[in-house]
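A quick write-up on the structure given underneath.
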Amino acid sequence: MDHGLCTKRTSMKKAALWTIVLFFVNNLANAQATKAPAYPLINHNTYFSIWSFGDTLNAAPTKHWTGKDQSLLGLIKVDGTTFRFMGKETPVYKTILPASDEEAYQCKYTETAPTGSWESIKYDDSNWNNGAAPFTDDSSQAKTLWRSKDIWMRRTFTLNDLNINKLVLKLHHDDNIEVYLNGDKVYDFVGWTNDFKLIPLRDKFKNRLKNGENVLAIHCANTAGGSWLDAGLLDEVKLPPGDVLLAKQKSVVVNATQTIYDFDCVNVNLEVTFTSPLLMNDLDIFSRPVSYISYKVRSTDGKNHNVKVLFSASTAIAVNSPAQQVTAQKYAAQTLSILKAGTVGQPVLQKKGDDLRIDWGYMYVAVPKSINELQYITGPGQSVSSFVSGKITSTNKPGQQLELNTVLNFAAVGATAKEKFVELGYDDLYSVQYFHQNLKPWWKLSGATIETVLNTAALQYTAIMQKCDAFNKSMYSAALQAGGKNYADLCALAYRQSISAHQLLKSPQGDILFLSKENFSNGSINTVDVTYPSAPLYLLYNPKLLEGMLNGIFYYCENSMWKNNFAAHDLGTYPIANGQTYGENMPVEESGNMIILTAAIAKAEGNANFAKKHWKTLTTWAAYLSNNGFDPGNQLCTDDFAGHLAHNSNLSVKAIVALGAYADLASKLGKRSVATQYHSLATGMAVKWQNLANAGDHYGLVFGSKNTWSQKYNLVWDKVLGLQLFPAAVYKKEVNYYLTKQNKFGLPLDSRKTYTKSDWILWTASLADNQKDFNALTDPVYKYATGTPTRVPLSDWHETTNGKMVGFQARSVVGGYFMKLLESNWVK
């Protein structure tokens, strides 16, 4: 045998095999997530955040993260045949009887049970009270205060036109409701709504309306909590027919900064890319409230085809309620053609709360003038018919639900792809009220106007797309190496969601502020125990943003506004940050969070300068934890939905780790005696903790309870910060036990319930000392994220038995998914 030839062949085989491996790894690194509970499209802040709530882009209208329609509509015309590839036409309504969000009205009401047929058209209500809607116990919003158990309302109205297509009841009620129209019961419901609900009524009720006088009669019973009653009637308008086919969606890919769709439009391929360039290493780009919608078209049959694309954006993007009047205009600025729209009223920073959308400032649709664009404004429901027919007229009249339309003419398209883009931007004028001073967003600090920002973004389009592509690949590749493909997909899903639940600003004191909103939680602004789980993402890519999440709390607690020796919970209710509004403190939770995150910033930045600025405050909190943290009293922690809990062993871990982190900071600042004192205190507590929490093969939910268990996710900071307060055997024992307690969609939060928090699972899994155990704990989270029946922006609180959302959605805390990547970077 020729041994030289054998060796050569073996080497060739190895080289070929290595080439195949490298090819596979490279392609895997370039792959991204292909399934999500909802798909991010336009993502900048909690008010400018638009999503597709299903797997197919053209199956339903696009929505704000709260679930209210904010329609982006996309049509493509190929050789005269029109296909819809994005969104779906939203119903158009004409008001028959306005509710109070559209027009103030008076009606008759009583809070005493009436006798007789109170709902009939002929009933004598002359002895009833006169009142204006809404009827509610909320004195800040009530036109008529209603604080009793029951209310009966009668509203008489006159109709002169019975030409109604489809009668719709517009109703906001809290709680149980029964509704009558001219004496006929048309609707009843046990429960409540948080906003107006539109209820189509059967045609038989429409047919009983009369020319002349009609009566809408309602009984509402307040069974618990708040009260509310407001109602009106609408006509769902019949839209003109449009000869439109559905484009066939072939694929969707989600990466850190982009969502990319691919469509077959019969002989033409269309690629649509939504890019929100949230690049944390460049705050000028990061803070711009401008996204790109890019279109790339090419022929697939070797022939040329004439192609036009319509992008239509509803002015619902700029209102809180569809009934609000908007004004729109078209103009040119620098190199751009621009459409602009906003509410007539412009109530800047006048609303605060959770389930709200912005109704001040202005939305913008911009395109380079060089691409021969056509821009025009239509009334509701007219964009499709105008594009299909080619009969285009533009309006400049104020109205409701106007449509901002842009037609991109690709002309003849062959095998070589052609690309064009549209910009969608928002100028909120003022973003947040910060201790009674209205603050402009970060991008305005240099005096830039929205037109300047839009123009700069257009000129930098190619360079920014290249930067986004490079970041997408590098982030995914790093996550892939740290935790595997399923983990990398989770990071891709989390990236834009976490960032866009914040707003970037500068305080009057000159400090960076990056303020979160507790989306569908309680609407708080800058909540510390929302910052805490979000932190890993920002520690990885820009710790200055994490400083911006802590600066407001430090400022508040270091002034006379805050009287306690522990950290505050929040700064108010978004977007009003004038001081804590949450009803109960979380002393151990928030003090521990603030100290741990300050120590994490020091590790990320390589110095303790940030801690030095706030040393006095950190010392006060450390003293509080040294006295109260080890065996916490009956108080709330970040998992407040689970209720109060005394002797909480995981909360105790947080206090111990925070004291160790404080010692580490003291050491970095040259305070050796303080460092020695607190390190000794923390290590002693850790030993004591192991005894008190010990439950045999695991550690209990509370001290002294061997039949309970909980995720000890706070331990991960002991590992990540390298504090070495707890032996690795503690991590190992807990991980081994968790592996026996999993359900189909993840590890429960603790032994009390089967629900979980997915951010905490990712932290808990990062305690594992091997990839197999990490994947065993995180793969069910991936299964949840890609298989949940709840189609909303990713919820961090879900049921492990069926994958359904329990509460919360679109929150920043999914930034905590990056904990494994942080651990891989910091623990060598």
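Between the listed residues Tyr574, Ile596, Asn634, the Cα displaced farthest toward the positive end of the dipole of segment 571-678, a dipole computed from Cβ unit charges relative to the Cα centre, is found at Ile596. Charges were assigned to the Cβ only: +1 to each Lys and Arg, -1 to each Asp and Glu. The resulting dipole of the chain about its Cα centre is roughly 1980 debye. Dividing the mean sequence gap of close Cα pairs (under 8 Å, 6+ apart) by how many residues segment 716-828 holds gives a relative contact order of 29 percent.
Computed from the C-beta positions of Phe189 and Ala104, the FRET efficiency with R₀ = 30 Å rounds to 0.75.
If packing is taken as the average number of other Cβ atoms within 10 Å across a peptide's residues, how do 375-386, 494-505, 676-687 rank, most packed first?
Ranking the peptides 375-386, 494-505, 676-687 by packing returns 494-505, 375-386, 676-687.
How do the peptides 463-473, 527-537 rank, highest first, by the average count of neighbouring beta carbon atoms within 10 Å per residue? If you can, show how the numbers build up before the last one.
Values: 463-473: 16.7, 527-537: 27.5.
Output ranking for 463-473, 527-537: 527-537, 463-473.
Distance from the Cα centroid of segment 743-773 to that of segment 545-577 is 30 Å (rounded to whole angstrom).
Backbone N atoms of segment 477-514 closer than 16 Å to the 7 Å Cα→Cβ label point of Met561 belong to residues 505-514. Here the gap between Lys88 and Lys741, fully extended at 0.36 nm per residue and compared with their Cα-Cα distance, gives a gain of 230.8 nm. Considering only Leu73, Tyr105, Pro91, the residue lying farthest towards the positive end of the dipole of segment 25-119 is Leu73, judged by Cα position with unit charges set on Cβ.
Using Cα pairs closer than 8 Å and at least 6 residues apart in sequence, work out the relative contact order for the chain, in percent. Spell out each step's value before the answer.
Details: 1927 pairs, mean separation 92.1, N = 828.
After rounding, I find 11 percent.
Here segment 125-174 and segment 686-705 have alpha carbon centers that stand 58 Å from each other. Protein heavy-atom surface of the chain, 1.4 angstrom probe: 49% of the accessible area is carbon and sulfur, with nucleic acids and ligands not counted. Sorted on the mean count of surrounding Cβ atoms within 10 Å across their residues, most packed first, peptides 192-205, 34-47 read 34-47, 192-205. Each part reduced to its alpha carbon centroid, segment 336-375 and segment 220-273 end up 19 Å apart. Computing Rg and Dmax of the Cα atoms in Å directly from the structure and comparing it against [x] 33.7, 107; [y] 29.2, 114; [z] 27.0, 95 singles out [y]. Computed about the Cα centre, the dipole magnitude for segment 632-785 is approximately 120 debye when only Lys and Arg (+1) and Asp and Glu (-1) carry charge, each at its Cβ.
Only helical DSSP H runs with n ≥ 4 go in: add -39500 (n - 2.57) per run for the chain, normalise by residue count and round the 222 nm mean residue ellipticity to 500 deg cm²/dmol.
Dividing the helical sum by the residues of the chain leaves -9500 deg cm²/dmol.
Note on Asp779 and Thr223: the extension gain reaches 195.9 nm, defined as 0.36 nm multiplied by sequence separation minus the Cα-Cα distance. Please state the shape class of segment 571-625: rounded when a/c is under 1.5, otherwise prolate if a/b exceeds b/c and oblate if not, all from the C-alpha gyration tensor. It is prolate, given that a/c is not under 1.5 and a/b is the larger ratio. The Thr619 and Trp826 beta-carbon pair, evaluated with R₀ = 25 Å, returns a calculated FRET efficiency of approximately 0.50. Residues whose amide H falls under 5 Å from that of Ile96, counting only those 5 or more places apart or on a different chain, are Leu233, Leu234, Asp235, with hydrogens built in the peptide plane.
Based on C-alpha pairs under 8 angstrom that are at least 6 apart in sequence, segment 147-270 has a relative contact order of 32 percent. Ordering Gly342, Gln382, Thr315 by the projection of their Cα atoms onto the charge dipole of segment 308-428, which places +1 on the Cβ of Lys and Arg and -1 on the Cβ of Asp and Glu, puts Gln382 at the extreme positive end.
The overall shape of segment 173-272, judged from the alpha-carbon gyration tensor, is oblate: a/c is not under 1.5, and a/b is no greater than b/c.
The values are calculated or read from the model by the stated rules, or taken from the named source; none is laboratory data. Just so it is clear, the model here is predicted, and its values are computed rather than measured. Note that we place each Cβ from the backbone using ideal geometry, even for glycine, and neighbour counts take in every protein chain shown. Heads up: the accessible areas ignore ligands, DNA and RNA and are worked out on the full protein's heavy atoms, side chains in. Shrake-Rupley method; radii C 1.70, N 1.55, O 1.52, S 1.80 Å.
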